[in-house]
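**Student:** The structure's right below; bear with me while I get my questions together.
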Amino acid sequence: MSARQDEALALAAQGGEAPALEELLERYKNAVRGVARSYFLEGGDTDDLVQEGMIGLYSAVRDFREGGGMRFKNFAYLCIQRRIASAVRDAARKKHRPLNTCVPLADAEEIAKAFASDPEALLIGGEEALYTIVTAAKRGDRTLICVCMRSDPYAQQYADAAAALDFAFETYQRVEMTAETLQVNS
């Protein structure tokens with residue numbers, strides 16, 4: 001794999017040649033995996049970071065300019081690293097914290113039932129349970145349950161729960177599904 005080949009493939013891919021794009025994506029997928037392994041994504045896994053890195057690689061192919069003073073390989077690594085770092089930074093933003101630390105409503109209902117049937121489980125359950133709160137709120141005919149786990153300090157848990165519940169009440173939509181809407185056309 002030479003630098004000239006990579007640059008020629010990038011230019012060919014920009015010209016609409018799908019095999020050239022596929023060849024570059026295949027050549028650099030291990031590099032993307034290597035970069036992704038050195039990062040941690042809160043609420044995600046390595047595959048999510050690999051996907052972000054592949055998007056960065058695709059951007060490198062799309063945006064590469066011959067004669068821009070940089071080899072394609074270096075440009076690709078730069079785009080991959082920036083895309084992954086951006087995804088990690090975005091996931092760590094405080095505005096996403098309530099969404100990253102909450103569990104789906106179906107799981108929350110089971111957890112709330114377990115705690116309601118045995119409230120001592122919060123005290124006996126160990127250190128994790130000490131940092132877990134289950135909060136329910138009702139507005140109109142809707143009742144929502146929020147479970148905040150491993151949030152410290154304790155006052156922050158209430159703020160997280162309040163933010164998550166406010167968000168849920170604002171974005172909640174009821175969707176009715178029938179057997180016909182669930183059928184896949186074959």
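**Student:** Considering only segment 1-43, state which residues are at pLDDT 90 or above and charged (D, E, K, R).
**Tutor:** Asp6, Glu7, Glu17, Glu22, Glu23, Glu26, Arg27, Lys29, Arg33, Arg37
**Student:** Among what's in segment 147-176 and is charged (D, E, K, R) and surrounded by fewer than 18 Cβ atoms within 10 Å (Cβ to Cβ), pick the residue that is modelled with the lowest pLDDT.
**Tutor:** Step one: filter segment 147-176 for residues charged (D, E, K, R), giving 150, 152, 160, 166, 170, 174, 176.
Now restrict to residues that are surrounded by fewer than 18 Cβ atoms within 10 Å (Cβ to Cβ): 150, 152, 166, 170, 174, 176.
Numbers: Arg150: 58, Asp152: 55, Asp166: 82, Glu170: 81, Arg174: 68, Glu176: 65.
Checking each candidate, the answer is Asp152.
**Student:** Would you point out the residue of segment 19-57, among those that are acidic (Asp, Glu) and farther than 24 Å from Arg93 by Cα, that is surrounded by the fewest Cβ atoms within 10 Å (Cβ to Cβ)?
**Tutor:** Per the stated criteria, the residue is Glu26.
**Student:** Also: In segment 44-61, is there at least one residue being within 30 Å of Asp160 (Cβ to Cβ), within 25 Å of the chain's Cα centre (by Cα), of a type outside the set (A, V, I, L, M) and part of a loop (DSSP other than H, G, I, E, B)?
**Tutor:** yes
The values are calculated or read from the model by the stated rules, or taken from the named source; none is laboratory data. It should be emphasised that the depicted structure is a prediction, and the values quoted were computed from it without experimental measurement. FYI the Cβ positions are ideal-geometry reconstructions off the backbone, even for glycines, and counts take in every protein chain you see.
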